[in-house]
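Enquirer: Here it is, the structure, as structure tokens.
The values are calculated or read from the model by the stated rules, or taken from the named source; none is laboratory data. Since the model is a prediction, treat every value here as computed from it, not as a measurement. Positions of Cβ are backbone-derived with ideal geometry, glycine not excepted, and every protein chain shown enters the neighbour counts. With ligands, DNA and RNA removed, areas are computed over all heavy atoms of the protein, side chains included. Shrake-Rupley method; radii C 1.70, N 1.55, O 1.52, S 1.80 Å.
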Amino acid sequence: MKSITINGSQRESVGKKATKALRNAGQVPCVLYGGDKPVHFSAAELAFSKLVYTPNAHTVVIELEGGTVFNAILQDIQFHPVTDNILHVDFYQVFEDKEITMDIPLNFIGNPRGVRSGGVLRKNRRSLRVKALPGNLPDFIDANIEDLKIGNKLYITKLENEAYTFMHPDNTVVCLVRRSRAAVTVDDDDDEEDADDVPATETDDVAAVKD
């Protein structure tokens, strides 16, 4: 999984007054949990743009002044209710030998057969929560939906991978193809006849009826 580096400075004071001064200076107060003790630090708000405003999942490398480095994942983020400015960020420290839980985006592959027949694809999930060692976390989870017919559902069990474990029930529906009013009522296993392939006798019979 790709990583984003956040450069910051460790905070000595964590009171309300100090926090307000940081925000006024364009800095975001942060806390790193998961280690021996919480680590309080701050970083420029612009440093979070590639981490927050993206559908992709990333791990984080936190580099503090003095050369201290932590590997982490984003745990929680608070926004101002009016300005949408970042108010506070929580991180969770990760270790290579300890499993972590993280939301991973789905990558849907293919155009379902049911959609080609006039059905409608409904995506119930945009991401899935998985548990794995940091080195086994994927950038995204591939979901091949090419063979889905009208009425078919893709269950999470079809996406199982030995590298990670899904934190959802086995009956979780990832997506499905629904019938629409415009759906073509043709069995996908049979070839459709083109109008040009209709025998001349059938065409003549239709014309005779119209006359």
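Enquirer: How large is the dipole of the chain about the Cα centre if only Lys and Arg carry +1 and Asp and Glu carry -1, each at its Cβ, rounded to the nearest 20 debye?
Expert: Numbers: 24 positive and 33 negative charges, 428 e Å.
It works out to roughly 2060 debye.
Enquirer: Return the long-range amide H neighbours of GLY118 (sequence gap of 5 or more, or a different chain), with a cut-off of under 5 Å between placed amide H atoms.
Expert: Placed amide hydrogens put VAL184 under 5 Å from GLY118.
Enquirer: Excluding ligands, DNA and RNA, what is the solvent-accessible area per residue of the chain at a probe of 1.4 Å, expressed in Å²?
Expert: Details: 13510 Å² over 211 residues.
With all protein chains present, the chain gives 64 Å² per residue.
Enquirer: Along the charge dipole of the chain, which of ASN152, GLN78, GLY118 sits closest to the positive end, that is, farthest toward it, with unit charges on the beta carbon of Lys, Arg, Asp and Glu (+1, +1, -1, -1)?
Expert: Farthest towards the positive pole: GLN78.
Enquirer: Count the lysine pairs in the chain whose Cα atoms sit under 28 Å apart, keeping only pairs 8 or more residues apart in sequence or on different chains.
Expert: Going through the chain pair by pair, I get 26.
Enquirer: Of all the accessible heavy-atom surface of the chain, with the other protein chains kept in place and a 1.4 Å probe, what percent is carbon and sulfur?
Expert: On the way: 6120 of 13510 Å².
Carbon and sulfur: 45 percent of the exposed surface of the chain.
Enquirer: Here's something else I'd like to know. If you build the convex hull over the alpha carbons only and average its shadow over all orientations, what do you get for region 49-94? Give it in nm² to one decimal. Intermediate values should be presented prior to the final figure.
Expert: Working: hull surface 15.2 nm².
Orientation-averaged projected area of the Cα hull: 3.8 nm².
Enquirer: Which number comes out as Rg/Rh for the chain once both Rg and the Kirkwood Rh are worked out on C-alpha atoms? Kindly include the intermediate steps, with their values, before the conclusion.
Expert: Values: Rg = 26.4 Å, Rh = 21.2 Å.
Here Rg/Rh amounts to 1.24.
Enquirer: Ignoring everything except DSSP H segments at least 4 long, calculate the 222 nm mean residue ellipticity for the chain; use -39,500 (n - 2.57) per segment, divide by total residues, nearest 500.
Expert: Numbers: 4 runs with 28 residues, N = 211.
Taking each H run of at least 4 residues, the total per residue is -3500 deg cm²/dmol.
Enquirer: Run the Debye formula on the Cα coordinates of region 1-46, all scatterers equal and no solvent, and tell me log10 I(q)/I(0) at q = 0.23, 0.26, 0.32 1/Å.
Expert: Each listed q corresponds, in turn, to -0.84, -0.98, -1.20.
Enquirer: Turning to a different aspect of this structure: Relative contact order of the chain: what whole-number percent is it, with Cα pairs under 8 angstrom and at least 6 residues apart?
Expert: It rounds to 17 percent for the chain.
Enquirer: On average over all directions, what projected area in square nanometres does region 90-129 have, based on the convex hull of its Cα atoms?
Expert: Working: hull surface 18.1 nm².
Approximately 4.5 nm², given one-decimal rounding.
Enquirer: If I fit a long axis through the Cα atoms of helix 200-210 and take the longest principal axis of the Cα atoms of the chain, what angle between them do I get, 0 to 90°, rounded to 10?
Expert: 80 degrees
Enquirer: For region 83-90, in order, what is each residue's ³J(HN,Hα) by Karplus, 6.51 cos²θ - 1.76 cosθ + 1.60 with θ = phi - 60°, in whole Hz (x at glycine and Pro)?
Expert: Along region 83-90, the couplings run 8, 6, 5, 6, 9, 7, 9, 10 Hz.
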